[in-house]
Amino acid sequence: MVMEGGGSGNNSTPTIDKTRVLDVKPLRALVPVFPSSSEAPPYGTYSSGFSPFYPFSAPQGSQATPDLNQQTHTTPAAPLRSFRATESNWDASGGEYESYDGSTGSARGRPKSSKKRARKIHDLDFTLSVDENDFVVGVSLSERDDGNREVVHSIQMRFDALRRRLSQLEDAKESPAGIIRRADLKAGNILMTKQVRTNMRKRIGTVPGVEIGDIFFFRMEMCLLGLHAQSMAGIDYMSVRNGLEEEPLAVSIVSSGYYEDDAEDKDVLIYTGQGGAANRDKGATDQKLERGNLALERSLRRGNEVRVVRGMKDSVNQASKVYVYDGLYRIQESWVEKAKSGCNIFKYKLVRIPGQPDAFGVWKSIEKWREGLSSRAGLILPDLTSGAESKPVALVNDVDEEKGPAYFTYVSTIKYSKSFKLTPPAYGCNCQNACQPGNLNCSCIRKNEGNFPYTTNGVLVCRAPMIHECGPTCPCFPNCKNRASQTGLKVHMEVFKTKDRGWGLRSWDSFRAGTFICEYAGEVIEKVSQVGEEGDDYVFDTSRVYESFKWNYEPGLVEEDGSIEAIEEPNVPSPLVINSKNVGNVARFMNHSCYPNVFWQPIMYENNRESLIHIAFFAMRHIPPMTELTFDYGKSRLGEAAADGGSTSRGRRKCLCGAPICRGNFG
DNA sequence: GGTAGTTCACGTTG
DNA sequence: CCAACGTGAACTAC
């Protein structure tokens, strides 16, 4: 979602000053463990070879946790009316949650230099960051209580990296039919045990670091991020003191389709209470006014905000579900009605608090465009590929009058001219149908260190210097999973006009981390200089200097691995330069970002006894629909030399990516 | 051969 | 400590 400056636009919201009545306290108090500070290494030093997980080793929030500690440990109530994360959310060094608050929040009037605030709690900073297995947790104690954007992204990526690796190991096992494989639960359990989690302190309202529109593919992700702590139940709640009494209040709900909810309207959700459903052991029963149901009832009376997560079918992966964090709602009314089973169920009408950016609403709009019920505003061309891809790529401009990018020829793959086919002759595998993970007789799998590069869902498990896929002349079936980058576009993309960075690329569908997006198509050339001064906008060059980042799982968490850390930086035998100025695909529209959501990965496969390299793009994180896709353009080696010499390098331009860790320029 | 329904073992919280 | 809370993947039936 686009971050917007200015106020949160909630002036029209009916206000109830909950700061007077709410003394929020988790039901289960967190008891921090303080090792003696002489033994524990200061947080931020990584003693066992584990590097920080933040993409590009961004400035660590960890270095500045004391301020956060001071804030969060002295103020039990979280900001009550804050919809968005702002820049301060990224910058843990700020630690000023005041700036993050909305309009009426409790933090506003808090004196910054209160006695409590001045209390010295620096010891917290030197916390248990190494567990008994010498695994560096990488999440400080204060970050476990209260997150920020970086920590949230880091934990989400670590979860999924581990999940993918566990899936990969399961896939490779010759397990008998009927074995249920739940890598999501396993990964969640490991990270929970290792305390790789955040926002453990329950709160009403916004969860720091989680933004409206963020998506999840597993309930465990929301547990680890503190968005919704229940791994199954749809209603999460906490005990809140009201004078002398304590009562449960709802903090978040997940509408997943299990009950008879009405989730058609983007701003109104008719939510069914929990319990009473028929299962294997018993038939349907009346729901009782207890637990979550009671909490929702109390929340209706108190008028507190409730976070809402909407679950729905994933448009790409029909079998699975995607969850969208849709922001804060307020319960307007409740009633009892008869379910289809004839039993009594509770119903709660939740209404979305106005002024929040669209999230679920975006999904609803896309659904209408797809079904042709409404047309995409600003649509110039329904398919700019003229059928070259199996899925149409829309051309859209709802910003200005420009009618489209300069002319180019659409091709769906890389074009090698004869002279660049330099690699020695190679042969593919001999598999008879689809290559089976774990089958070390398959030479394509052997080339990948014995690991099948993709899970059965088709997502990339790990980055590697080179990924070896089965090629067109391998005898295995075309549906072999080891051809993930060769099946063309799988989702509905659009090329759109950005506000200030020309044309960009985004998708009507969501991507989970590791999903293949597209390859970089174009003509392979010898040198960048061949393109001319103007052309380097449309050149991909593997020999540029790219920021390194960690994406793969941490081997220390996976027993079968010992503790070998595999190299993940790309390694191409000889520099590959691709020109997409005249001939290219959607990839030529992807803009640069210093905090990108897409990365490139070299892939090699054999065709007519030649091994050819392709540049494939994969989702770095889960990417919600309509989010611009960006990757790191890297730095020119020439540019560096020129900069050293004091002159401005050719093509180096001011970066407009807007990321808090923006390097200022690129090229 | 996609889609719908059924089955199974499982994690966190209170 | 255990009950309550649904989930996600694999399988089966259509």
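The values are calculated or read from the model by the stated rules, or taken from the named source; none is laboratory data. These numbers come from a predicted model, not from an experiment. Every residue, glycine as well, gets a Cβ built from its backbone with ideal geometry; the counts of neighbours run over all protein chains shown.
So the values come out like this:
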item: Where a residue in segment A:368-390 is in contact (Cβ under 8 Å) with a residue 60 or more places away in the chain and of a type in the set (Ser, Thr, Tyr) and its partner, wherever it lies, is surrounded by 11 or more Cβ atoms within 10 Å (Cβ to Cβ) and not in a loop (DSSP other than H, G, I, E, B), with Cβ under 7 Å and at least six apart; result: A:THR385/A:VAL393; A:THR385/A:TYR410
item: Matching residues in segment A:362-387 - criterion: being surrounded by fewer than 17 Cβ atoms within 10 Å (Cβ to Cβ) and among the small types (Gly, Ala, Ser); result: A:GLY372, A:SER374, A:SER375, A:ALA377, A:GLY378, A:SER386, A:GLY387
item: A:VAL306, sole failed condition from (1) in contact with a helix residue (DSSP H, G or I) (Cβ under 9 Å, 6 or more places away or on another chain); (2) under 17 Å from A:GLY257 (Cα atoms); (3) assigned to a strand (DSSP E or B); result: (2)
item: Failed criterion for A:GLN486 (all others in (1) out of contact with any His (no Cβ under 9 Å at 6 or more places or on another chain); (2) within 28 Å of A:ARG609 (Cβ to Cβ) hold); result: (1)
item: Test: residue in segment A:292-307 that is among the small types (Gly, Ala, Ser), more than 12 Å from DNA strand B (Cβ to nearest atom), crowded, with 17+ Cβ neighbours inside 10 Å and within 22 Å of A:VAL351 (Cβ to Cβ); result: yes
item: Members of segment A:602-628 found to be farther than 14 Å from A:ARG463 by Cβ, of a type in the set (A, V, I, L, M, F, W, C) and not in a loop (DSSP other than H, G, I, E, B), listed by number; result: A:MET604, A:LEU612, A:ILE613, A:ILE623
item: Per-region count, segment A:340-366, residues farther than 19 Å from A:VAL322 by Cα, of a type in the set (A, V, I, L, M, F, W, C) and within 27 Å of the chain's Cα centre (by Cα); result: 3
item: Wholly enclosed strands (runs of 3 or more DSSP E) of segment A:163-275 bearing at least 1 residues over 23 Å from A:LEU294 (Cβ atoms) and within 12 Å of DNA strand B (Cβ to nearest atom); result: none
item: Yes/no for A:LYS282 being near DNA strand C (Cβ under 10 Å from one of its atoms) and surrounded by fewer than 17 Cβ atoms within 10 Å (Cβ to Cβ); result: yes
item: Filtered residues of segment A:434-484 (kept if over 20 Å from A:ALA566 (Cβ atoms), small (Gly, Ala, Ser) and buried (at least 21 other Cβ atoms within 10 Å of the Cβ)); result: A:GLY471
item: Criterion (at pLDDT 90 or above and within 32 Å of the chain's Cα centre (by Cα)) met by exactly one of A:PRO405, A:PRO437, A:PRO478; result: A:PRO405
item: Residue check, A:GLY209 buried (at least 24 other Cβ atoms within 10 Å of the Cβ), on the phi > 0 side of the Ramachandran plot and touching a residue at least 40 places away in the same chain (Cβ under 8 Å); result: yes
item: Test for A:ILE204: is it crowded, with 22+ Cβ neighbours inside 10 Å and over 30 Å from A:ASN448 (Cβ atoms); result: yes
item: Looking only at segment A:166-195, and only at residues there that are under 23 Å from A:PRO624 (Cβ atoms) and either of a type in the set (A, V, I, L, M) or out of contact with any Leu (no Cβ under 8 Å at 6 or more places or on another chain) (or both), the one that is surrounded by the most Cβ atoms within 10 Å (Cβ to Cβ); result: A:ALA187
item: Selection within segment A:447-482 - over 16 Å from A:PHE617 (Cβ atoms) and within 16 Å of DNA strand B (Cβ to nearest atom); result: A:THR456, A:ASN457, A:PHE477, A:PRO478, A:ASN479, A:CYS480, A:LYS481
item: Residue among A:GLU264, A:GLU290 that alone is within 29 Å of A:MET200 (Cβ to Cβ), free of Cβ contacts under 8 Å to residues at least 40 places away in the same chain and not basic (Lys, Arg); result: A:GLU290
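Every residue, every condition in (1) modelled with pLDDT of 90 or more; (2) within 20 Å of the chain's Cα centre (by Cα), yes or no:
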position	(1), (2)
A:PHE135	no, no
A:ARG144	no, yes
A:ARG149	yes, yes
A:LEU162	yes, yes
A:LEU169	no, no
A:SER175	no, no
